[in-house]
Amino acid sequence: EAGVTQFPSHSVIEKGQTVTLRCDPISGHDNLYWYRRVMGKEIKFLLHFVKESKQDESGMPNNRFLAERTGGTYSTLKVQPAELEDSGVYFCASSQEITGHHTEAFFGQGTRLTVV
Amino acid sequence: GEDVEQSLFLSVREGDSSVINCTYTDSSSTYLYWYKQEPGAGLQLLTYIFSNMDMKQDQRLTVLLNKKDKHLSLRIADTQTGDSAIYFCAERKGDFNKFYFGSGTKLNVKP
């Protein structure tokens, strides 16, 4: 079974351009998360989808970031316009949570975004 | 990170034990985790511990949790060169997999 897949693996764009990152979760996983690691710092939570709905978007840095999960399958994270400080590694994770039980979150390999 | 702190680097010799430490701030955390990231790879769950436990052992890995001091450690016995990676400590506070990660500890294992 395929794991969490992220595309592209690397992206280099100029400041002011738009970039769209994609995440394909493990099939059947209702929960999808986006995280970001900037410049070797901690990995920070961005947002959480349950199916197609945004459960928690408290970590989104500003309105230049837009996440969608139409149909509750794959998700996209668009940055428009990109700024230098948006550079980092963007991770996606998925899980199928069961109330009262511990379930594992599976992470993708990440997309390394470089804004120049 | 504001919530979870780790030292940035650790260097050990092959065959020695490695101990990676982490402090967290929220006593309401439900689970605490150790993730491993090898070069070019994603985050791999190594082990986790429920907040009402003190210790968990899984083959070469031992996790110790001191809730009073909010201190978590990961001990790797008989460290191998394949253990070289970045190790992230993380806490989970609610019902979902919303994690608060540390900055990661880069473990270098010398042959």
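Only the coordinates and a few stated rules stand behind these numbers; no lab work does. Keep in mind the model is a prediction, meaning the values are calculated, not measured. Backbone-built Cβ (ideal geometry, glycine too); neighbour counts: all protein chains shown.
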If we take region A:1-60, then strands (runs of 3 or more DSSP E) inside it with 1 or more residues that are under 11 Å from B:Lys98 (Cα atoms), among the charged types (D, E, K, R) and free of Cβ contacts under 8 Å to residues at least 60 places away in the same chain are A:43-50, A:53-56
Any chance you could count how many residues in region A:77-116 are of a type outside the set (D, E, K, R) and within 11 Å of another protein chain (Cβ to nearest Cβ)?
-> 20
Residue check, A:Tyr74 within 12 Å of the chain's Cα centre (by Cα), of a type outside the set (Gly, Ala, Ser), farther than 26 Å from A:Gly16 by Cβ and within 14 Å of chain B (Cβ to nearest Cβ) | no
State whether one or more residues within region B:57-77 are closer than 25 Å to A:Gln109 by Cα and either within 11 Å of chain A (Cβ to nearest Cβ) or of a type in the set (Phe, Trp, Tyr) (or both).
-> no
Selection status of A:Phe65, within 13 Å of chain B (Cβ to nearest Cβ), among the hydrophobic types (A, V, I, L, M, F, W, C) and surrounded by 15 or more Cβ atoms within 10 Å (Cβ to Cβ) | no
Could you list all residues from region A:101-116 that are in contact with a Leu (Cβ under 6 Å, 6 or more places away or on another chain), under 18 Å from A:Val89 (Cα atoms) and surrounded by fewer than 22 Cβ atoms within 10 Å (Cβ to Cβ)?
-> A:Val115
Complete set of residues in region A:69-108 that are polar (S, T, N, Q) and more than 24 Å from A:Ser53 (Cα to Cα) | A:Ser87
Pick from B:Ile20, B:Ile76, B:Ile86: which is in contact with a helix residue (DSSP H, G or I) (Cβ under 8 Å, 6 or more places away or on another chain), more than 23 Å from A:Ser58 (Cβ to Cβ) and surrounded by 19 or more Cβ atoms within 10 Å (Cβ to Cβ)?
-> B:Ile76
Every listed condition ((1) under 15 Å from the mean Cα position of the chain (by Cα); (2) within 14 Å of chain A (Cβ to nearest Cβ)) holds for B:Gly94 save (1)
Filter region B:38-71 down to the residues that are within 15 Å of B:Phe88 (Cβ to Cβ) and under 11 Å from the mean Cα position of the chain (by Cα), then identify the one that is surrounded by the most Cβ atoms within 10 Å (Cβ to Cβ).
-> B:Val63
Give me a count of the residues in region A:96-111 that are outside any loop (DSSP other than H, G, I, E, B) and within 10 Å of A:Val4 (Cβ to Cβ).
-> 2
